[in-house]
Amino acid sequence: MSDPENEKSRKNSGLNFIESIIEEDLFNNKNQGRVHLRFPPEPNGYLHIGHAKSICLNFGLAKTYDGLCNLRFDDTNPEKEEVEYVDSIMEDISWLGFEWHDKPYYASDYFEQLYDWAVQLIKNGKAYVDEQAQEKISEQRGVPTRPGTESPFRNRPPEESLGLFARMRDGEFENGTMVLRAKVDMASPNMHMRDPIMYRILHQHHHRTADKWCIYPMYDWAHGQSDFIEGITHSVCTLEFELHRPLYDWFLDQLADERYRPQQIEFARLNLSYTVMSKRKLLELVREAYVNGWDDPRMPTISGLRRRGYTPLSIRNFADRIGVAKRNNVIDVGLLEFSVREHLNQIAPRVFAVLDPVKVIITNFPEGEVEQMELVNNPEDPDAGSRRVPFSREIYIERDDFMEDPPKKFFRMGPGREVRLKGAYIVKCEDFEKDENGRLTEIHCSYDPTSKSGGTGASRKVKGTLHWVSVQHAIDAEVRLYDRLFSDEDPNGHNDKDFKDFINPESLKTLTNCKLEPSLKSAVPEDKFQFQRLGYFCVDKDSTPTQLVINRTVPLRDPWAKKSKR
RNA sequence: UGUCCGAUGGUGUAAUGGUAGCACUGCAGAUUUUGGUUCUGCCGGUCAAGGUUCGAACCCUUGUCGGACAACCA
């Protein structure tokens, strides 16, 4: 874990409900006082901010209770899973700043053990092979309000099931012709207890076990037993598995005794406003090219946030702040933005960048002269030092920083108005030029030579301070401005519409004529800056040695923009 | 008309029978060579009704509302 000093001090208030459970268990010396968690992703997609909540929870719990946390790939469905995803998941967890215990674990490593246990269940009359068609089984399962009916194969002799199960494994049967079912209770009000399927036949290559298996265990059978094998004490998952818990416990009843037994605990998943969070929907955005890949900076994926310029600490702080509970929640995406700003404010060097440049000529400044202005790199960090920024007769300022007919509260440049060029001189607008379309092309100013930063005339009050870049020293860049991907707070919340109907057409604006101060020349991908007065930005991996490409992570808070919009 | 889970300011989350607090947001002000940061203040909440109790957000009852469950997905 990097930079623990910056980490928010843990728990100045009460415990969350999972911490309460763990402390209670510790007090009772349950499981010999061990605390062992696990993060169990299915490698069928990229990790997103919702997973980050779970990662921070599980690894964080292990850390605070001096326990362990495994990374376990829940790879029991070869139809959807790929090594590409395994790799990205490991990269993302490491990047977030967590280390898994020992090595990456895989549910697929337990296939043999799971098979043996399944055989044991059959022998004990707790499981049977069902030869009915899928539709038949589904029909017999009934509905939540009505009990199901038993399969005609339910009470076949264990020897018969044993033989069939072995032949299933040997590949004698086609996909979908047979399943192994647990014999629980077809009349249970809990659908998951109505003789759930433990194994299905799937003649499918697996990314780790290759073609060794043609039967694969279902989630309910694989997951709890994997926890059991790994010695997991607290199996933390999301709310939708609540109804699975009786089955989780039922399977464990067949194998475990009171000396050690993992416990499933469910918490409410993260929902973010203006965002979709399901892997299926994110996949859809990628496949249908609404975004440019899983790591598109507009994606709520960890890799997208990384490319956007988020830091691991900012995400961890976010996870701390949102808390953990069982009620459904929607977190304002603004809280995530607050968390990056908070961290970037501490660490990001300030630089000058003009995104929409307009030329200013300082008419009384000597032609050909260049002054090196000393600028502080980060007022929040005295150790960040300072740098020299060249100033000359022609500079760029932001088009937005000039108004021909400004309102009284506009503290920037306008005809006859004085503004300070940050770190340089106070200038006064004497004149401006426009083209035939009325578009501003050039501003003429005079400067006060005594007003140089630090000089005698510099202390006088001037309403506005602008950033600037010297024309002859400027480097060009492409800057990508991102906005939320969806224009609706809850893109999933409309029964009559698809979430993609709410994609924000302005979620990406590309600016190609941006001017940066020369110190940015050596910047490399993932370098982060505050473009003074604009926001936090980072260098994108699309940059080339001759062309910088820069992403806007998040704009600065801007009360003026908010006010002037009204 | 089943089972399970949940309900505290706009959004989250604490208080575990004893002053409803914190964060984000919003609003107002101070500081500021970033309309940033920082600082100060303000607005704003226990789903409802009964019950237990000296005392209830917390315990009990009933109701209301919301969510989850009917893949050979996880």
- Message: Quick check on the exposure proxy: order A:Phe73, A:Phe432 from fewest to most C-beta atoms within 10 angstrom.
- Response: A:Phe432, A:Phe73
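Got the relative contact order for segment A:148-262 handy, in percent, Cα pairs under 8 Å and 6 or more residues apart?
On the way: 120 pairs, mean separation 23.2, N = 115.
After rounding, I find 20 percent.
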- Query: Taking H as built 1.01 Å from N, whose amide H comes closer than 5 Å to the amide H of A:Leu272, not counting residues under 5 places away?
  - Reply: A:Ile331
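Subtracting the Cα-Cα distance from 0.36 nm times the residue separation, let me have the gained length for A:Glu79 to A:Gln372 in nm, one decimal.
Here the segment from A:Glu79 to A:Gln372 would lengthen by 99.3 nm.
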- Task: Would you mind ranking A:Lys562, A:Lys497, A:Lys63 so that the residue whose beta carbon has the fewest other beta carbons within 10 Å leads the list?
- Result: A:Lys562, A:Lys497, A:Lys63
- Item | At most 15 other Cβ within 10 Å, DSSP loop - trypsin sites (Lys or Arg not before Pro), segment A:126-195 | A:Arg154
- State to the nearest 20 debye the size of the charge dipole of segment A:27-267 about its Cα centre, where the only charges are +1 on K and R beta carbons and -1 on D and E beta carbons. 700 debye
- Between segment A:184-259 and segment A:325-374, the alpha-carbon center distance in angstrom: 51 Å
- Which distance in nm do the two modelled labels at A:Glu394 and A:His203 give, with both placed 7 Å along the Cα-to-Cβ direction? 7.4 nm
- Message: For a Förster distance of 25 Å, can you work out the FRET efficiency between the beta-carbons of A:Asp66 and A:Gln113, rounded to the nearest 0.05?
- Response: 0.30
- What residues qualify as long-range amide H neighbours of A:Ala127, i.e. H under 5 Å apart, gap of 5 or more or another chain, H built at 1.01 Å from N? A:Ile122, A:Lys183
- Message: Please list, in order along segment A:259-266, the HN-Hα scalar couplings obtained from phi with the Karplus expression 6.51 cos²θ - 1.76 cosθ + 1.60 (θ = phi - 60°), rounded to whole Hz, x for Gly and Pro.
- Response: 5, 8, 7, x, 10, 7, 10, 10
- If the cut-off is 29 Å between C-alpha atoms, which lysines fall inside it for A:Lys461, apart from same-chain ones fewer than 8 positions away? A:Lys359, A:Lys408, A:Lys409, A:Lys422, A:Lys428, A:Lys452, A:Lys515, A:Lys562, A:Lys563, A:Lys565
- Message: Under 27 Å between alpha carbons, and skipping anything fewer than 8 positions from A:Lys279 in its own chain: which lysines qualify?
- Response: A:Lys53, A:Lys80, A:Lys103, A:Lys326, A:Lys497, A:Lys500, A:Lys509, A:Lys541
- Message: For chain A, what does the helix formula give at 222 nm: sum of -39500 (n - 2.57) over DSSP H segments with n ≥ 4, over the residue count, nearest 500 deg cm²/dmol?
- Response: -8000 deg cm²/dmol
- Task: Mind listing the long-range amide H neighbours of A:Asn504? Cut-off is under 5 Å, sequence gap 5 or more, other chains count too, H placed in the peptide plane at 1.01 Å from N.
- Result: A:Phe486, A:Ser487
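Rounded to the nearest 0.05, what FRET efficiency do A:Ala256 and A:Lys563 give with R0 = 41 Å and r taken as the Cβ-Cβ distance? Could you check?
Details: r = 63 Å, r/R0 = 1.53.
Calculated value: 0.05.
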- Message: Looking at chain A only, what percent of DSSP beta bridges run antiparallel? Nearest 5 please.
- Response: 70 percent
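So if R0 is 25 Å, what FRET efficiency would A:Thr512 and A:Ile361 give, r being the distance between their Cβ atoms, rounded to the nearest 0.05?
Values: r = 24 Å, r/R0 = 0.94.
Using R0 = 25 Å, I get an efficiency of 0.60.
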- Message: Please list, in order, the residues from segment A:371-413 whose amide nitrogen is less than 19 Å from a point placed 7 Å along the Cα→Cβ vector of A:Arg439.
- Response: A:396-405
- Message: Once you order the gyration tensor axes a ≥ b ≥ c over the Cα atoms, which shape class does segment A:324-403 get: rounded for a/c under 1.5, otherwise prolate or oblate by comparing a/b with b/c?
- Response: oblate
- Task: Given the peptides A:471-483, A:224-236, A:20-32, arrange them by the average over their residues of other C-beta atoms within 10 Å, most packed first.
- Result: A:224-236, A:471-483, A:20-32
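Express in nm, to one decimal, how much length is gained between A:Arg327 and A:Glu288 on full extension, taking 0.36 nm for each residue of separation and deducting their alpha carbon distance. Please list the in-between numbers first.
On the way: separation 39, 0.36 × 39 = 14.04 nm, distance 3.32 nm.
So the chain would gain 10.7 nm between A:Arg327 and A:Glu288.
With +1 on each Lys and Arg Cβ and -1 on each Asp and Glu Cβ, how big is the dipole of chain A about its Cα centre, in debye rounded to the nearest 20? Before the final figure, lay out each step's value.
Values: 78 positive and 92 negative charges, 364 e Å.
The calculation lands at about 1740 debye.
Just so you know, all these numbers are worked out from the coordinates, no wet-lab data involved. Computed from a predicted model, the values in this text were never measured in an experiment. In this analysis, Cβ positions are derived from the backbone assuming ideal geometry, glycine residues included, and neighbour counts consider all displayed protein chains.
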